[in-house]
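To start, the structure under review is shown below, and the notes come after it.
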Amino acid sequence: MGAVRALVTGDPSQAQAAREQAAAALAQAQNIPIEQAREQVAQYEQQYRQAVEQAKQKAAAAADTAAKAATRAALFSVLALALGAIAAWFGGRAGAVDPTLTTPALGRQRRG
């Protein structure tokens, strides 16, 4: 089956020679006529190409799903950071001492 692999992955200009080599090897190994072996090689080639196409489609679908999940995670992260920043601002405002109330009180203590 090395000849079949060379057929489907090799140089297109050498494809016909690879087909003939694969058919000859198959005919000899299975003791069948060369025409029948050529038909089987053509079937193997078609099955291989279909499997490759299906794998490409599945990979594209998986990549699309992963991209959507990553986008959604990034969006939620941005929202969480924004909410955290708002909460920190409100917390800082609530815990801050107003200097207009403390400054006059300190000034009175020094005088008195």
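The values are calculated or read from the model by the stated rules, or taken from the named source; none is laboratory data. A quick note: this is a predicted structure, and the numbers were derived from the prediction, not measured. Cβ sites come from the backbone with ideal geometry, for glycine too, and all protein chains shown count toward neighbours. Remember, those area values only see protein heavy atoms, side chains included, never the ligands or the DNA or RNA. Shrake-Rupley method; radii C 1.70, N 1.55, O 1.52, S 1.80 Å.
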Give me the residue from the range 17-28 that is open to solvent by less than 100 Å² (accessible area, probe 1.4 Å) and farther than 17 Å from GLN47 by Cα and, out of that set, modelled with the lowest pLDDT. ALA17
Looking at the range 29-41, which of its residues are touching a helix residue (DSSP H, G or I) at 6+ places or on another chain (Cβ under 8 Å) and open to solvent by 50 Å² or more (accessible area, probe 1.4 Å)? GLN30, PRO33, ILE34, GLN36, ARG38
